[in-house]
Amino acid sequence: MKRFYKQAGHQPTEEGHAITLDGRPVKTPARAALVVPSPALADGIAREWNAQGDRIDPRSMPLTGLANAAIDRVAVDAETFARGLSAYAETDLLAYRADHPADLVARQAASWDPIIDWARQRFDIAFTVTSGIVHQPQPPATLDRLHNAVATQTPFALAGLHPIVTISGSLLIALALAEGVLDADQAWQAGHLDELWQAEKWGDDPLAAKTREAHRRDFDNGVLFLSLVGQG
């Protein structure tokens, strides 16, 4: 649509920080108030609105999109949303290792083993690792504890975690990133280790590289959103 406002901003409310356009509150697509939990996130969203030209392009407003999702999709049934994310623990990327060649095996171990060791201590879990792609069930107690770690997150944190989990294919990577054990680049490299290794060995397919770039943007937007949610 055409830009219909001069200035975006935000103001504190009892619920959080309401995004405004020319002083008027913004609504989500489901017509709820666009209120976010932190001033840092509100600043980021206001900057996206202020950066728009004559026409509003939602694709250039990832923080706004994730905030809308947190309110309209996640908050209405956070338990179901959390269960969908925690289900990634059942087939977590880090559990499935190559058995050859030796350099790939070594690279997976160097990148993934520290994350698993952290998760074992942090959540007091056993985590089964196997070679190949045949499904290896994780202990029920492990799945329960990892689900609880996700279910205790706020709807806004869950919205930020979603692209990190789904793009990396790993709940453990996302949780390690959320708790500051990994930075964005370390998490990205761990989640795309096999693909990046193959590109190094055999060359990168242009289409695959373009897709990976798009995924990296979505991944980084989730990381930024999650960090801003946690800033007071």
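The values are calculated or read from the model by the stated rules, or taken from the named source; none is laboratory data. Just so we're clear, the structure is a prediction, and the values are computed from it rather than from any experiment. Because the Cβ atoms are built from the backbone with ideal geometry, glycine has one as well, and the counts that use them run over all protein chains shown.
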Quiz item: Checking ILE116 against (1) in contact with a strand residue (DSSP E or B) (Cβ under 7 Å, 6 or more places away or on another chain); (2) more than 30 Å from GLN7 (Cβ to Cβ), which test does it fail?
Solution: (1)
Exercise. Would you check if ALA151 is touching a Ser or Thr at 6+ places or on another chain (Cβ under 8 Å), hydrophobic (A, V, I, L, M, F, W, C) and more than 19 Å from TYR96 (Cβ to Cβ)?
Key: yes
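Does VAL223 count as at pLDDT 95 or above, within 30 Å of PRO12 (Cβ to Cβ) and outside the structural domain of PRO62 (by TED's automatic domain parsing)? Working first, answer last.
Working: at pLDDT 95 or above: yes; within 30 Å of PRO12 (Cβ to Cβ): yes; outside the structural domain of PRO62 (by TED's automatic domain parsing): yes.
Yes.
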Practice problem: Quick one: count up the residues across the range 22-35 that are within 23 Å of ARG73 (Cα to Cα), out of contact with any Lys or Arg (no Cβ under 7 Å at 6 or more places or on another chain) and not in a loop (DSSP other than H, G, I, E, B). | Solution: 3
Practice problem: Would you confirm whether any residue within the range 144-165 is within 18 Å of LEU193 (Cβ to Cβ) and either in a strand (DSSP E or B) or not assigned by TED's automatic domain parsing to the domain that holds PHE219 (or both)? | Solution: no
Self-check item: Hits in the range 42-70 - residues which are within 17 Å of the chain's Cα centre (by Cα) and of a type in the set (S, T, N, Q)
Solution: THR64, ASN68
Quiz item: Which residues, taken from the range 6-21, are under 26 Å from the mean Cα position of the chain (by Cα), on the phi < 0 side of the Ramachandran plot and not in a strand (DSSP E or B)?
Solution: GLU15
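Among the residues of the range 91-132, how many are part of a helix (DSSP H, G or I) and of a type in the set (Val, Ile, Thr)?
Of the range 91-132, the ones part of a helix (DSSP H, G or I) are 91, 93-95, 102-123.
Filter once more, keeping what is of a type in the set (Val, Ile, Thr): 91, 105, 115-116.
Final tally of qualifying residues: 4.
Looking at the range 36-51, can you tell me whether even one residue there is at negative phi, assigned to a loop (DSSP other than H, G, I, E, B), out of contact with any Phe, Trp or Tyr (no Cβ under 9 Å at 6 or more places or on another chain) and surrounded by fewer than 17 Cβ atoms within 10 Å (Cβ to Cβ)? Lay out the reasoning, then the answer.
Going through the range 36-51, the residues at negative phi turn out to be 36-51.
Retained after the next criterion (residues that are assigned to a loop (DSSP other than H, G, I, E, B)): 37-38, 51.
Right, trim to out of contact with any Phe, Trp or Tyr (no Cβ under 9 Å at 6 or more places or on another chain) and you get 51.
Remaining after also requiring surrounded by fewer than 17 Cβ atoms within 10 Å (Cβ to Cβ): 51.
Yes: one or more hits.
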Practice problem: Could you tell me which residue of the range 64-90 is nearest to GLN136 (Cα to Cα), considering only residues that are in contact (Cβ under 8 Å) with a residue 60 or more places away in the chain and either touching a strand residue (DSSP E or B) at 6+ places or on another chain (Cβ under 9 Å) or not in a helix (DSSP H, G or I) (or both)? | Solution: ALA70
Quiz prompt | Count of the range 144-197 residues which are touching a Gly at 6+ places or on another chain (Cβ under 6 Å), small (Gly, Ala, Ser) and closer than 22 Å to ALA42 by Cβ | solution = 1
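Would you point out which residue out of ASP220, ASP183, ASP205 is among the acidic types (Asp, Glu) and surrounded by 14 or more Cβ atoms within 10 Å (Cβ to Cβ)?
On the way: ASP183 fails: surrounded by 14 or more Cβ atoms within 10 Å (Cβ to Cβ); ASP205 fails: surrounded by 14 or more Cβ atoms within 10 Å (Cβ to Cβ).
One residue alone meets the criteria, ASP220.
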Exercise. For ALA82, indicate whether it is outside the structural domain of THR28 (by TED's automatic domain parsing), buried (at least 20 other Cβ atoms within 10 Å of the Cβ) and of a type in the set (Gly, Ala, Ser).
Key: yes
